[in-house]
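Engineer: Take this structure first; my questions come after.
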């Protein structure tokens, strides 16, 4: 499993691409091309790796080789299509019309035969992402949580959790960017999008505190929704990690301190 987190300047949501391919030369070439575009690329070299990565986090686009060491890309496409309409591009050495039709009938959005130029693939990727079908998966399962954002249903260990609209929006931004720190300014821009010219200074801190009270087993020692002191917040990518040691290490590394009013 190869994960290439490609960060670009500026604070914006990076489009995530899952690339399922076992050819290292093609992996290296596409990695370079996607870096220039400012995308975050995660690579799986087998169908099993790809299925695990798909379950772990949402993606905006899938590029899928038909021939994989442990199975067919067609089968993996069917698994993805059970839960998502994410744009999907097939790659294959086969140029038979029947193969192309099969891939498209199973839910593929585009089909590129090898060999191809990276410029062509880059253009196809950009075209699929522009079509607006790239929303992250509406239902996300993380550790004890199930978040069904489109249905506005949230559960921990099977127990329903009632969240306000603002709490839902904040949670979605953090979950979609889990493993990355999202700054306070970006969160305010993404969550309070109702055109308000002024957002009360503590609104974000208060919403974080309320969200922790509903989601965390120990809100004072958050395991999932963590503060990155002096920067913003992150939803940890390790849903099973303990909180105490990591939280203390995060605070020491940032060199920050807790706010006296208890809002972090």
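The values are calculated or read from the model by the stated rules, or taken from the named source; none is laboratory data. In this text, all values refer to a predicted model and were calculated from it rather than measured experimentally. So basically every Cβ, Gly included, is an ideal-geometry build from the backbone, and we count neighbours across all protein chains shown.
Engineer: Report yes if some residue within segment 190-199 is part of a loop (DSSP other than H, G, I, E, B), modelled with pLDDT under 85, over 23 Å from residue 55 (Cβ atoms) and touching a strand residue (DSSP E or B) at 6+ places or on another chain (Cβ under 9 Å); otherwise report no.
Structural biologist: Of all residues in segment 190-199, those part of a loop (DSSP other than H, G, I, E, B) come to 192-199.
Narrowing the set further to residues that are modelled with pLDDT under 85 leaves 192-199.
In the following step, the residues that additionally are over 23 Å from residue 55 (Cβ atoms) were identified as 192-199.
Then keep just the ones that are touching a strand residue (DSSP E or B) at 6+ places or on another chain (Cβ under 9 Å); that gives none.
Within segment 190-199 (the criterion being part of a loop (DSSP other than H, G, I, E, B), modelled with pLDDT under 85, over 23 Å from residue 55 (Cβ atoms) and touching a strand residue (DSSP E or B) at 6+ places or on another chain (Cβ under 9 Å)), the answer is no, since none of the residues qualifies.
Yes/no per residue for (1) within 17 Å of the chain's Cα centre (by Cα); (2) modelled with pLDDT of 90 or more; (3) in the same structural domain as residue 73 (by TED's automatic domain parsing):
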| position | (1), (2), (3) |
| --- | --- |
| 20 | yes, yes, yes |
| 33 | no, no, yes |
| 40 | yes, no, yes |
| 43 | yes, yes, yes |
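Engineer: Now a separate question. Do you know which residues across segment 210-234 are surrounded by fewer than 18 Cβ atoms within 10 Å (Cβ to Cβ) and farther than 17 Å from residue 142 by Cα?
Structural biologist: Initial filter on segment 210-234 (surrounded by fewer than 18 Cβ atoms within 10 Å (Cβ to Cβ)): 210, 213-214, 216-221, 229-231.
Once the filter is applied, which keeps residues that are surrounded by fewer than 18 Cβ atoms within 10 Å (Cβ to Cβ) and farther than 17 Å from residue 142 by Cα, segment 210-234 yields 210, 213, 218, 219, 220, 221, 229, 230, 231.
Engineer: Further question on the same structure: If I filter segment 117-168 down to residues being assigned to a loop (DSSP other than H, G, I, E, B), modelled with pLDDT under 90 and in contact with a helix residue (DSSP H, G or I) (Cβ under 9 Å, 6 or more places away or on another chain), which single residue comes out as surrounded by the fewest Cβ atoms within 10 Å (Cβ to Cβ)?
Structural biologist: Step by step, filter segment 117-168, then rank; the result is 152.
Engineer: Continuing with the same structure: Hey, can you tell me all the residues within segment 40-99 that are in a loop (DSSP other than H, G, I, E, B), closer than 20 Å to residue 111 by Cβ and out of contact with any helix residue (DSSP H, G or I) (no Cβ under 6 Å at 6 or more places or on another chain)? Steps first, please.
Structural biologist: Just the residues of segment 40-99 that are in a loop (DSSP other than H, G, I, E, B), to begin with: 45-46, 57-60, 66, 69-70, 82-87, 93-96.
Next cut, closer than 20 Å to residue 111 by Cβ only: 59-60, 66, 84-87, 93-96.
Hits for segment 40-99 are 59, 60, 84, 85, 86, 93, 94, 95, 96.
Engineer: Say we look at segment 169-185 and pick out the residues that are within 22 Å of residue 217 (Cβ to Cβ) and in a helix (DSSP H, G or I); which of these is farthest from the chain's Cα centre (by Cα)? Lay out the reasoning, then the answer.
Structural biologist: In the first step, residues of segment 169-185 are kept if they are within 22 Å of residue 217 (Cβ to Cβ); the result is 170-172, 174-175, 178-179.
Checking the rest, the ones that are also in a helix (DSSP H, G or I) come to 170-172, 174-175.
On the way: 170: 15, 171: 13, 172: 10, 174: 9, 175: 7 Å.
Here the answer is 170.
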